[in-house]
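Only one structure is covered here, and it is reproduced in the block below.
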Amino acid sequence: MIRALVAAVAATLVAAAPAPAVTADRHTPVPVLLYHHVSTAPRDADSPALYVPARLFARQMAALDRAGYTPVTLGRAWRHWQSGAPLPAKPVVLSFDDGFADQYRTAARTLRARGWPGVLNLQVGRLDEEGGLTEAQVRRLLRDGWELGAHSMSHADLTTVGAEQLESEVTGSREQLERTFGVPVDFFCYPYGRFDAAVKAAVRAAGFLGATTTRRGAASPADGAYTLDRLVVTGNYSPARLLRTVRAPSARR
Ligand SMILES: [Zn+2]
């Protein structure tokens with residue numbers, strides 16, 4: 001009797017369940033693009049390649065859209081990997097490191113016009129500093145649907161610091177961002193992409209669900225949630241090159 005009831009309820013649930021966006025299994029790798037500055041490089045820039053001019057960025061986003069890509073947060077990708085939550089057919093994550101003012105002025109505008117989320121990997125020490133994002137700007141990004149990730153306090157190479165600093169850079173940045181902005185901060189981003197076993201352990205112990213590197217490739221749970229690969233986008237990426245990269249993330253180009 002109970003068994004019949006359970007079967008009936010299950011049948012109803014199955015019938016009522018909306019069709020998933022895709023039928024792919026829950027191990028779909030997701031390309032995670034990594035942007036730094038989204039503006040024209042000043043003449044004295046240390047790393048001019050890390051500047052993607054705003055107009056090029058807009059053309060890159062238009063190309064992703066035309067090719068059918070849908071930006072998602074890392075949290076959404078993670079929920080897919082964990083429990084099979086549906087993902088769009090061609091997911092991509094747009095991550096922005098450090099917290100530069102131009103990410104708000106230019107990138108956020110372009111994404112807002114499309115209703116697309118970004119992922120902000122914010123270095124706490126840069127908040128409200130010259131050239132950095134203000135607290136109000138970060139709040140606006142969150143209202144736009146952006147996800148907030150922690151990128152340490154001081155942007156130190158965490159493989160070179162003592163245990164006490166490691167703890168404050170990792171746990172401290174998560175706590176401070178969650179307290180300041182009132183949102184969960186579930187992902188860590190290694191400064192300079194540098195990590196070792198101790199850094200990974202600290203990130204896990206701080207309660208993060210995963211962490212992103214600068215190692216080249218698509219993020220995949222098969223590599224472990226604490227070493228998610230990304231794809232650095234520079235000012236040399238034409239829209240066509242960007243599409244080639246998201247389609248074949250592991251290929252050298
Ligand atoms: Zn950084």
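Would you say Pro184 is of a type outside the set (Ser, Thr, Tyr) and either within 28 Å of Arg114 (Cα to Cα) or away from the ligand (no atom under 16 Å from the Cβ) (or both)? Reasoning before the result, please.
Values: of a type outside the set (Ser, Thr, Tyr): yes; either within 28 Å of Arg114 (Cα to Cα) or away from the ligand (no atom under 16 Å from the Cβ) (or both): yes.
Here the answer is yes, as Pro184 does meet what is asked.
In this structure, does Ala202 turn out to be open to solvent by 40 Å² or more (accessible area, probe 1.4 Å) and not hydroxyl-bearing (Ser, Thr, Tyr)?
no
Scan Ala206, Ala156, Ala150 and give me the residue that is of a type in the set (A, V, I, L, M, F, W, C), within 16 Å of the ligand (Cβ to nearest atom) and touching a Lys or Arg at 6+ places or on another chain (Cβ under 7 Å). Walk me through how you get there before you give the answer.
Working: Ala206 fails: within 16 Å of the ligand (Cβ to nearest atom); Ala156 fails: touching a Lys or Arg at 6+ places or on another chain (Cβ under 7 Å).
Only one candidate qualifies: Ala150.
For segment 213-242, which positions are open to solvent by 20 Å² or more (accessible area, probe 1.4 Å) and among the charged types (D, E, K, R)?
Scanning segment 213-242 gives Arg215, Arg216, Asp223, Arg241.
Between Glu129, Glu175, which is within 15 Å of the ligand (Cβ to nearest atom) and without any contact (Cβ under 8 Å) to a residue 24 or more places away in the chain?
The match here is Glu129.
If a residue must be away from the ligand (no atom under 16 Å from the Cβ) and within 8 Å of Leu133 (Cα to Cα), how many such residues does segment 97-115 contain?
1
Kindly list the number of the only condition in (1) closer than 25 Å to Ala150 by Cα; (2) open to solvent by 10 Å² or more (accessible area, probe 1.4 Å); (3) away from the ligand (no atom under 16 Å from the Cβ) that fails for Asp65.
The number of the failed condition is (1).
Across segment 23-75, what is the total count of residues that are assigned to a loop (DSSP other than H, G, I, E, B), farther than 27 Å from Asp186 by Cα and among the small types (Gly, Ala, Ser)?
Adding up the residues that qualify gives 6.
Among Glu175, Glu164, which is the only one that is assigned to a helix (DSSP H, G or I), closer than 29 Å to Leu111 by Cβ, out of contact with any helix residue (DSSP H, G or I) (no Cβ under 7 Å at 6 or more places or on another chain) and open to solvent by 40 Å² or more (accessible area, probe 1.4 Å)?
Glu175
Is one or more of the residues making up segment 103-110 without any contact (Cβ under 8 Å) to a residue 60 or more places away in the chain, open to solvent by 40 Å² or more (accessible area, probe 1.4 Å) and either farther than 16 Å from Arg230 by Cβ or touching a His at 6+ places or on another chain (Cβ under 9 Å) (or both)?
Looking for residues that are without any contact (Cβ under 8 Å) to a residue 60 or more places away in the chain, open to solvent by 40 Å² or more (accessible area, probe 1.4 Å) and either farther than 16 Å from Arg230 by Cβ or touching a His at 6+ places or on another chain (Cβ under 9 Å) (or both), one finds at least one in segment 103-110, hence yes.
Kindly provide the set of residues from segment 178-214 that are closer than 30 Å to Arg140 by Cβ and of a type in the set (Asp, Glu), ordered by number. Reasoning before the result, please.
First, the residues of segment 178-214 that are closer than 30 Å to Arg140 by Cβ: 178-193, 203, 206-214.
Glu178, Asp186, listed by residue number.
The values are calculated or read from the model by the stated rules, or taken from the named source; none is laboratory data. A quick note: this is a predicted structure, and the numbers were derived from the prediction, not measured. Virtual Cβ from ideal backbone geometry, glycine too; neighbours counted across all protein chains shown. Just so you know, the surface numbers come from the protein's heavy atoms only, side chains and all, with ligands and any DNA or RNA stripped out. Shrake-Rupley method; radii C 1.70, N 1.55, O 1.52, S 1.80 Å.
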